[in-house]
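Structure first, then comments.
The values are calculated or read from the model by the stated rules, or taken from the named source; none is laboratory data. This one's a predicted model, so the numbers in the text were calculated from it and none came from an experiment. Cβ: placed from backbone, ideal geometry, glycine included. Neighbour counts: every protein chain shown. To get the accessible areas, we keep the full protein, side chains included, count just its heavy atoms, and leave off ligands, DNA and RNA. Shrake-Rupley method; radii C 1.70, N 1.55, O 1.52, S 1.80 Å.
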Amino acid sequence: MNKVLVALGVLLLVMPCGLTYADSLSSSIVCSGATWVSSSVISDARSYAAHLFTSDQAVVNRTLNIGEVITTLVSGRSTGPLGIDEYTGQARNQTAQDPACTFSVLNQKSGRQDDISTHGLFISGDYLSHRILSEKTVAGSVVNGSGILLTKAHSDDGNRTVSHASDIAGSMNVTEEIVFGEEEND
């Protein structure tokens, strides 16, 4: 009887109250040759694509969780060449209607478009990246290596445009975090 109650308790803890479906992809690769990994998600308002290649001794890990929120984690370490190409894009519609009145005029605000990309080619190094696509667009990366790194970020909501770019070459240690969509209280 206790085993049944424990199993039922574990099942209830694991099951969310409202059933939602999500996809998940995960891989871990350790090799002494060459690797090429690629992942992508394209939906009506959110896009994510990543390509990573290594040679020589390398370790590559990646996780992609797809549901109402898209989250990714990519890491690569190589004693030889390491290449990175990662893109995140999201369009947010901000048109809303007063829920109290069906016949009210739509409160039309311009939508927001976010684009974040990271490109790198290294002689050797470490790369760690995470992305979160939800109400906000979040991208962070940590790089330690020698080579070239290009990061670009752009957000436009019709009233304000934010742009960011970093071009780095040589030996580097870079930490970067970008968050678009932090709403201020009016």
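The number of residues in the range 80-107 that are modelled with pLDDT of 85 or more, in a loop (DSSP other than H, G, I, E, B) and among the aliphatic types (A, V, I, L, M) comes to 0.
Which of the residues spanning the range 120-140 are among the hydroxyl-bearing types (Ser, Thr, Tyr) and in contact with a strand residue (DSSP E or B) (Cβ under 7 Å, 6 or more places away or on another chain)?
Applying the first criterion (among the hydroxyl-bearing types (Ser, Thr, Tyr)) to the range 120-140 yields 124, 127, 129, 134, 137.
Scanning the range 120-140 gives Ser124, Tyr127, Ser129, Thr137.
From the list Ser55, Ser24, exactly one residue is at pLDDT below 90, in contact with a Gly (Cβ under 6 Å, 6 or more places away or on another chain) and not acidic (Asp, Glu). Which is it? Sole residue among the options that is at pLDDT below 90, in contact with a Gly (Cβ under 6 Å, 6 or more places away or on another chain) and not acidic (Asp, Glu): Ser55.
Here Glu177 meets the list (1) farther than 21 Å from Ile70 by Cβ; (2) open to solvent by 30 Å² or more (accessible area, probe 1.4 Å) almost entirely, failing just condition (1). Of the numbered conditions (1) of a type in the set (Ser, Thr, Tyr); (2) open to solvent by 60 Å² or more (accessible area, probe 1.4 Å); (3) at pLDDT below 95, Ser110 satisfies every one except a single condition; which is it? Here Ser110 meets the rest and fails (2).
Could you count how many residues in the range 41-79 are open to solvent by 40 Å² or more (accessible area, probe 1.4 Å) and outside any strand (DSSP E or B)? Counting residues in the range 41-79 that are open to solvent by 40 Å² or more (accessible area, probe 1.4 Å) and outside any strand (DSSP E or B) gives 7. The set of residues in the range 130-170 being loosely packed, with under 12 Cβ neighbours inside 10 Å, over 20 Å from Gly111 (Cα atoms) and among the small types (Gly, Ala, Ser) consists of Ala165, Ala169, Gly170.
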